[in-house]
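These notes are about the structure you will find just below.
All of the numbers you see were taken from the coordinates with simple rules; none came from a lab. Given the structure is predicted, the values throughout are model-derived calculations rather than measurements. Heads up, the Cβs are rebuilt from the backbone with ideal geometry, glycines too, and the neighbour counts pull from every protein chain shown.
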Amino acid sequence: MNSTVAAVTQRIIERSRDSRADYLARMAQARENKPHRSVLSCGNLAHGFAACGGEDKGRLKKMDQANVGIISAYNDMLSAHQPFEEFPAQIKDAVSAMGCVAQFAGGVPAMCDGVTQGQPGMELSLFSRDTIAMAAAVGLSHNMFDAALCLGVCDKIVPGLMIGALAFGHLPVIFVPAGPMTTGLSNSEKSRIRQLYAEGKVGREELLQCESDSYHGPGTCTFYGTANSNQLLMEAMGVHLPGSSFVNPNTPLREALTRAAAEQACRITELGPNYRPLCDVIDEKSIVNGIVALLATGGSTNHTMHIIAIARQAGVIVNWDDFADLSEAVPLLTRIYPNGTADINHFHAAGGMALLFRELLSAGLLNEDVTTIVGEGLDQYTREPYLEDGKLAWRDGPTQSLDTSVVASVSEPFSANGGLRLMQGNLGRGVIKVSAVKPEHRIVEAPAVVLHDQDELKPMFEKGELDRDCIVVVRFQGPSAIGMPELHKLTPYLGTLQDRGFKVALVTDGRMSGASGKVPAAIHLTPEATKGGLIAKVRDGDMLRLDAETGELNLLVDALDLAAREPADADLSGSHFGMGRELFGGMRQLVSGAEEGASFLFANETKSAL
């Protein structure tokens, strides 16, 4: 076992001892109380199966066969979730063949950050995660179920489903992916055309064609953002079937995996000998495995918040020091856009998850002794699914990369570390993803350009006011300010300035997410501007130093001068109304900081351990 991974795992176990014990005690109590249909009154039960067919109704009356609840994030606007339309029927058919019953327990909201990017709706995005968690809990609250299947893919949806499912951790829960869309326009070409548009060299028609050629069909967007990071995390934490994360939708193998997940849910309920509740699957070791896999692949920075919130729901306390220390020990093994030119389909073809697990396990970088939905230990995740005469089977995955430009070995990694840094200094604490940032761009000392809205950057760029070294500071973007929207409108302009030879960087209490790219961006800064963060005192022209090699993030202004300054104020009312934002005011008041998971679900809990 790698000494750093072992040490970080152990300190998380020690830090979480009391909270984890409390969580497990609650799950044991829930199991003891038998939150299944046997405790329901006749009237309760009659309501619960009133719409079932006669055979299912008979099975539910007998109490000796599993009832599997389906929680789905289906909607047909999201390309990643459109394939879920067919899944409930497939699941019900597979479960029925096992002599059990499946019921659609509830749907949860699912928004697309790609649609809301740069729009008012993006300010609901982060809060949608906790809304989804509560919606999932509502769906499972009927006490009708012995297991659950969660159908979700995209950014806040999978973390939300997991947080909600962990509240019912006494139940076995399996996550069922839909798979990525097939490869379209290359990511490098898409990025090139976006930048040309930002420079005014191509028009909107060319840009729209580019985007349409990139996002062209059912399935997850193929770049390695939060959605595909979600799938990797679920497999690394043992709640996906092995090798199921990146099989394309609407294929025979995808349907076979969906049916197999439904069958496995029936096998691992408390009614049989192989009971594997979610509370046993998600623990300190599986959380560390998720972080390691994320770091080894240069995954989404959003998970520096989501993993913390997921872990908190399971009684596990994680912070950014854990991420930073693991990042130093975990090598970067993949090059997937924006960390390279390949997409997620190329990764899957080059060896995919089976090869990744094999490499990480061989180097002692994963906790192998974990419980998963398919049994004890992670070794089964070095196998990959395939169809043999139309039937699903698993075989040993590749032992070496089929494309070393996409997947590397531990002995010859793309980088000696995972590319995530903890940034800290007098400005507070934040994170930076440097896996896509060239070494010559990782240290920037330059005057500040202060903005309160990402839309303020475009006119400055067009007027030539930014043709110089600068660090753009975008503040009042945090969770309690306006819900922490992603700030990707900044990316083409900052990328262009960097290409022109200027030293540029971004500092913000907002987000940049899984698509964080070649410009160094210290994000998720905490404390945020509305919570007393020093970022509220930065003025135009102040010198800032961002060193992504050492993790230094400092405002280079005399301490006495800073003490005499009044923090800036911002009129945020325009972000608190319209597009439903007025409904989320209570969440903005209760939400925790980024390093505490940016959640309002734990508002009444003590955060001192964090």
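The rule of thumb for compact globular proteins, 2.2 N^0.38 Å, goes into the C-alpha radius of gyration of region 420-572 0.94 times.
Once backbone amide H atoms are built at 1.01 Å from N, ARG383 has GLY397 as its partners under 5 Å, excluding neighbours fewer than 5 places away on the same chain.
Kindly provide the pair-distance distribution of region 127-246 built from C-alpha pairs, with 10 Å bins from 0 and whole-percent values in order of increasing distance. Taking every Cα pair in region 127-246, the percentages come to 13, 34, 26, 17, 8, 2.
The modelled label-to-label distance for the pair GLU85/ASN44, using points 7 Å beyond Cα in the direction of Cβ, is 3.7 nm.
Quick one, can you get me the convex hull of the C-alpha atoms of region 252-377 expressed as volume per residue in Å³? Write down the numbers at each step before the final one.
Details: hull volume 15.7 nm³, N = 126.
Spread over its residues, the Cα hull of region 252-377 gives 125 Å³ apiece.
Computed from Cα positions, the angle between helix 187-198 and the longest principal axis of the chain comes to roughly 40 degrees. Rounded to whole numbers, the Karplus 3J(HN,Hα) couplings from phi for region 249-260 are x, 6, 10, x, 5, 4, 5, 4, 5, 4, 5, 5 Hz, using 6.51 cos²θ - 1.76 cosθ + 1.60 with θ = phi - 60°, and x at Gly and Pro. Helix 303-313 and the longest principal axis of the Cα set of the chain meet at an angle near 40°. According to the Kirkwood relation over distinct C-alpha pairs, the hydrodynamic radius of region 411-497 is 15.1 Å.
Set the Förster radius R0 to 51 Å, insert the Cβ-Cβ distance between ASP76 and GLU14 as r into 1/(1 + (r/R0)^6), and round the FRET efficiency to 0.05.
Approximately 0.65, to the nearest 0.05.
Taking 10 °C and 1.306 mPa s as conditions, the chain diffuses translationally at an estimated 64 µm²/s according to Stokes-Einstein applied to its Kirkwood radius (Cα pairs). For the chain, the longest principal axis of the alpha carbon atoms and the long axis of helix 157-166 meet at an angle near 50°. For region 530-557, the residues whose backbone nitrogen is under 20 Å from a point 7 Å from the Cα of ALA564, taken along Cα to Cβ, are 534-544, 555-557.
Where does region 286-348 land on Rg/Rh, using Cα atoms and the Kirkwood Rh?
Details: Rg = 12.6 Å, Rh = 12.4 Å.
Using only Cα positions, Rg/Rh for region 286-348 is 1.01.
Per the helix-only calculation at 222 nm, which mean residue ellipticity applies to the chain, given -39500 (n - 2.57) for every DSSP H run of n ≥ 4 and division by its residues, nearest 500 deg cm²/dmol? Dividing the helical sum by the residues of the chain leaves -10500 deg cm²/dmol.
Kindly put ARG31, ARG276 in sequence by how many other C-beta atoms sit within 10 Å of each C-beta, fewest to most. If you can, show how the numbers build up before the last one.
Working: ARG31 17, ARG276 23.
Placing the least packed residue first, the sequence is ARG31, ARG276.
Between GLU205 and ASP325, the FRET efficiency from the beta-carbon distance, with R0 = 45 Å, is close to 0.40. Distance between the modelled labels on ARG468 and ASP93, one decimal in nanometres: 6.6 nm (7 Å Cα→Cβ projection).
A DSSP coil position with no more than 16 other Cβ atoms inside 10 Å describes the following GluC sites (Glu not before Pro) in region 494-563: GLU549.
Between GLN400 and ASP379, the simple spin-label model (points 7 angstrom out along Cα→Cβ) gives 2.3 nm. For region 5-69, place one equal point scatterer on every Cα, skip the solvent, and apply the Debye formula. What is log10 of I(q)/I(0) at q = 0.14, 0.16, 0.26 Å⁻¹? The Cα Debye sum returns log10 ratios of -0.60, -0.66, -1.10.
Start at zero, step by 5 Å, and the Cα-Cα distances of region 216-261 spread as 5, 21, 27, 26, 17, 3, 0 percent across the bins.
The HN-Hα couplings worked out from phi for region 573-587 by the Karplus form 6.51 cos²θ - 1.76 cosθ + 1.60 (θ = phi - 60°) are 4, x, 9, 10, 9, x, 6, x, 5, 5, 6, 10, x, x, 5 Hz, whole numbers, x standing for Gly and Pro. In sequence order, region 541-554 has phi-based couplings of x, 4, 7, 10, 10, 10, 10, 6, 7, 9, x, 7, 9, 9 Hz under the Karplus curve 6.51 cos²θ - 1.76 cosθ + 1.60, θ = phi - 60°, and Gly or Pro positions carry x.
Among the chymotrypsin sites (Phe, Trp or Tyr not before Pro) within region 93-167, not one is in coil by DSSP while having at most 11 neighbouring Cβ atoms inside 10 Å.
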